Amino acid sequence: MVSAVFPEKTDLIRELNEQEPSFLELISTIIYLMEMGYNREEIQEKIRNLKPHLFDRYDEAMNFIEKLERKYKKIG
C-alpha cells in the first residue's frame, strides 16, 4: 500500500489519484517545463503548441499546481 511506503505523502497521492489522466498529463508537462526554466508565458505558449487538446484546462492546471505547492511544500 502506498501509504505504508510514503505515509507523509498519502494525502498528496490521494489528490493526484482523483484526477483524470489527461489532466495529470497536462500537470506533468507544465511541471517539466517549469523545471526546465521556462517562465509562465513561455509555458502557456508551449502548452498551446504541444498539447492543444488540453490547452483549455491550462489555467485550471496552473491553479492546481500552485495549490499543491502551497499545501505540500513543507513535506518536500
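Kindly indicate the residue of region 1-53 that is part of a helix (DSSP H, G or I) and among the small types (Gly, Ala, Ser) and also modelled with the lowest pLDDT among those meeting that condition. If we take residues in region 1-53 being part of a helix (DSSP H, G or I) and among the small types (Gly, Ala, Ser), then SER3 is modelled with the lowest pLDDT. What residue, among those in region 24-70 that are in contact with an Asp or Glu (Cβ under 8 Å, 6 or more places away or on another chain) and free of Cβ contacts under 8 Å to residues at least 40 places away in the same chain, is farthest from GLU8 (Cα to Cα)? Here the answer is LYS51. Determine if region 60-70 includes at least one residue that is closer than 30 Å to PRO7 by Cβ and either of a type in the set (Lys, Arg) or outside any helix (DSSP H, G or I) (or both). The answer is yes, given that some residue of region 60-70 is closer than 30 Å to PRO7 by Cβ and either of a type in the set (Lys, Arg) or outside any helix (DSSP H, G or I) (or both).
On the stretch given as region 10-37, residues that are exposed (fewer than 11 other Cβ atoms within 10 Å of the Cβ) and among the basic types (Lys, Arg) total 0. Here ARG40 fits the description: charged (D, E, K, R) and either over 14 Å from the mean Cα position of the chain (by Cα) or surrounded by fewer than 16 Cβ atoms within 10 Å (Cβ to Cβ) (or both).
Search region 1-12 for residues that are under 16 Å from TYR72 (Cα atoms) and pair each with any residue that is at pLDDT below 75 when their beta-carbon atoms are under 8 Å apart and the residues are at least 6 apart or on different chains. The qualifying pairs are GLU8/ILE75; LYS9/ILE75; THR10/VAL2; THR10/SER3; LEU12/ILE75.
The values are calculated or read from the model by the stated rules, or taken from the named source; none is laboratory data. A quick note: this is a predicted structure, and the numbers were derived from the prediction, not measured. As a convention, Cβ positions derive from the backbone with ideal geometry for all residues, glycine included, and neighbour counts pool all protein chains shown.
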